[in-house]
Amino acid sequence: MKKQIIKALSFIAVFALCVSMLVPLGYSEAKAAEKKVKLNRKKITLTTGDWKKLKLKNLDYEIDDIEWSTTDKAVAKVSRKGWVVALVKGECTIKAKVKATGKTYKCKVTVNAPDMSKRVIDPEKPIVALTFDDGPGPNTTGLLETLKTYGVTATFFMCYSNGSGFKVYSDVVREVYNSGCEVANHTQNHPQLTKCSVAKIDEEVNGNADKLADLVGRGQKFLLRPPYGAVNDKVRQNVNVPMILWSVDSLDWKYKTQANCTDLIMKEVKAQVRDGGIILMHDIHKTSCEAVKTVLPWLIQQGYQVCSVSEMFEARGVELEDGVTYSKCITAAEYKANKTK
């Protein structure tokens, strides 16, 4: 009996020893497995508009098992599937939290603005042209900084003397030109050309073009935006450059005194913007220039390449003709269809 008790106790002791050894071993294995889980990238460098996929390695999970977040949604956003899109120059951290364990994994994101001299517009992806009328003015330089931050260009339709115009802000015309944006013509004094004589049309259009050329150089053709979008046969027959209208009217001039101006402008843009579209805004309004800080990241998030009018039409292989009006460009789908003909 005594031997049986001793034998039983020995068995229990051995069993307990084995259990005590197995628990730490299992724990260690669990910790080791946990350490193997990591993001596929610890840091990434993107250019505004770029996309990159992040995912957790060595972990089986469904989409809803991970909670993705960003420390600065103005710089880069992340989708519920781990896709990171770069919005504006800066730095942020993308976090992936495993809901079951509470463990968080991090990736440092650096976003750079593109080198505008090397930028290529992809005609097979959505494009939209951003345009500004009635300047330059006291807000234009700040607006250029915003465009530079997001790595985009725009077309500026300028008046010599509409309010101040480049009669006063001549240096700003050069700033716009040197930034890589497009300098364009909006007449000298902003008259409705359909009500002007042939001589007056010539004075307003060609006179303004001459003054722009004095500032940014000869030998180039300045696109024209007729004030108020007013065009008739007389104007077409006496204007020897392409005329650019618009397909997206932000109505920023109408909303400039409203407390929720940016929200109202965004509502118009969201409702009207399409691939190949031309957005109308005004850099003479401070509220419009502020709204651009909201408009641009939204456009980029939707996948639009934002550029000047000439860049968009050139990318899509559309030659702008003198005396013809354009309110939009062909779409990516139309461009692809033309390539197959």
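The table below lists the values:
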| item | result |
| --- | --- |
| Selection within segment 178-197 - outside any loop (DSSP other than H, G, I, E, B), without any contact (Cβ under 8 Å) to a residue 40 or more places away in the chain and either in contact with a helix residue (DSSP H, G or I) (Cβ under 6 Å, 6 or more places away or on another chain) or within 12 Å of TYR228 (Cβ to Cβ) (or both) | VAL183, LYS195 |
| Scope segment 263-304; condition farther than 30 Å from TYR160 by Cα and within 16 Å of the chain's Cα centre (by Cα); matching residues | LYS270, ARG274, ASP275, PRO297, TRP298, LEU299, ILE300, GLN301, GLN302, GLY303, TYR304 |
| Yes/no for THR141 being part of a loop (DSSP other than H, G, I, E, B), polar (S, T, N, Q) and either assigned by TED's automatic domain parsing to the domain that holds ILE44 or closer than 30 Å to ASN208 by Cβ (or both) | no |
| Some residue of segment 276-289 being acidic (Asp, Glu), in a loop (DSSP other than H, G, I, E, B) and either touching a Lys or Arg at 6+ places or on another chain (Cβ under 9 Å) or surrounded by 21 or more Cβ atoms within 10 Å (Cβ to Cβ) (or both) | yes |
| Segment 235-247, residues that are without any contact (Cβ under 8 Å) to a residue 60 or more places away in the chain and buried (at least 21 other Cβ atoms within 10 Å of the Cβ) | VAL235 |
| Residue selected from segment 215-234 under the condition under 32 Å from the mean Cα position of the chain (by Cα) and in a helix (DSSP H, G or I), by the criterion surrounded by the fewest Cβ atoms within 10 Å (Cβ to Cβ) | TYR228 |
| Check on THR146, assigned to a helix (DSSP H, G or I), of a type in the set (Val, Ile, Thr) and farther than 24 Å from PHE313 by Cβ | no |
| Among residues of segment 303-314, those that are out of contact with any Ser or Thr (no Cβ under 8 Å at 6 or more places or on another chain), surrounded by fewer than 20 Cβ atoms within 10 Å (Cβ to Cβ) and either modelled with pLDDT of 95 or more or hydrophobic (A, V, I, L, M, F, W, C) (or both), counted | 1 |
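The values are calculated or read from the model by the stated rules, or taken from the named source; none is laboratory data. Given the structure is predicted, the values throughout are model-derived calculations rather than measurements. Backbone-built Cβ (ideal geometry, glycine too); neighbour counts: all protein chains shown.
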